[in-house]
1. Which peptide among 104-116, 73-85 comes first, and what is the full order, when sorted by highest mean count of other Cβ atoms within 10 Å?
2. Given region 1-117, what whole percent of its Cα pairs are spread farther than 23 Å?
3. Let me know the volume per residue of the alpha-carbon convex hull for region 9-56, in Å³.
4. Round to the nearest 0.05 the FRET efficiency obtained for ILE122 and TRP36 when R0 = 25 Å and r is the Cβ-Cβ distance.
5. Taking the Cα atoms only, what angle lies between the long axis of helix 4-28 and the longest principal axis of the chain, rounded to 10 degrees?
6. Provide the packing ranking of 88-101, 48-61, i.e. peptides ordered by the mean count of other C-beta atoms within 10 Å per residue, highest first.
7. Got the relative contact order for the chain handy, in percent, Cα pairs under 8 Å and 6 or more residues apart?
8. Can you tell me the order of 34-44, 7-17 when each peptide is scored by its average per-residue count of other Cβ atoms within 10 angstrom, highest first?
Amino acid sequence: MLSRPCRAAFALTLAAGYALLLTGVELAADVDGIFWLVSLVPGLVLAGAGMGLCITPLVATVLSSVQPEHAGAASGILSTVQQLGNALGVAVTGLLFFGALSQGGYSYAFELSLAEFVVLLICVAGLSRLLPRGSRT
């Protein structure tokens with residue numbers, strides 16, 4: 001089972017990926033051609049690795065703390081909460097993105113959305129300390 005600092009590090013890896021992607025977008029704002037794509041690749045790779053490291057172990061972390069006879073209910077609740085979180089996240093990020101779109105264009109709106117992700121993931125890293133240790137009682 002993953003330790004709490006390890007889980008926090010994975011969330012910070014995802015945050016770093018989005019921060020690197022944000023830097024790549026800022027660098028690519030004034031260029032054309034292949035450099036635009038190349039400047040985004042490192043951030044996308046790190047964010048993808050962070051997602052796999054952060055989100056995938058969440059199911060095992062949550063389900064390992066419940067009794068086996070309650071695993072089905074816990075799995076259903078986890079799936080429901082994830083779907084609700086995804087819907088809420090899309091709605092809030094969409095409001096932020098489209099609100100910023102009229103102020104500074106697509107690049108500015110995308111940068112603001114990425115900054116939101118970085119801040120939220122730093123909060124997730126802190127909140128990961130509240131997750132159960134993973135031992136069944």
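Please treat every number below as a calculation from the coordinates, not as lab data. Remember, predicted model here, so these are calculated numbers, not experimental data. As a convention, Cβ positions derive from the backbone with ideal geometry for all residues, glycine included, and neighbour counts pool all protein chains shown.
1. Numbers: 104-116: 15.9, 73-85: 11.8.
Peptide ranking by packing, descending: 104-116, 73-85.
2. Working: 3046 of 6786 pairs.
Tail of P(r) above 23 Å: 45 percent of Cα pairs.
3. Working: hull volume 2.2 nm³, N = 48.
Each residue corresponds to 46 Å³ of Cα convex hull volume.
4. Working: r = 27 Å, r/R0 = 1.10.
The pair ILE122/TRP36 has a calculated efficiency of 0.35.
5. Result, in degrees: 10.
6. Numbers: 88-101: 12.8, 48-61: 15.6.
Top to bottom by mean Cβ count within 10 Å: 48-61, 88-101.
7. Details: 151 pairs, mean separation 56.2, N = 137.
Rounded, it is 41 percent for the chain.
8. Working: 34-44: 14.1, 7-17: 21.5.
With the highest mean Cβ count within 10 Å placed first, the list reads 7-17, 34-44.
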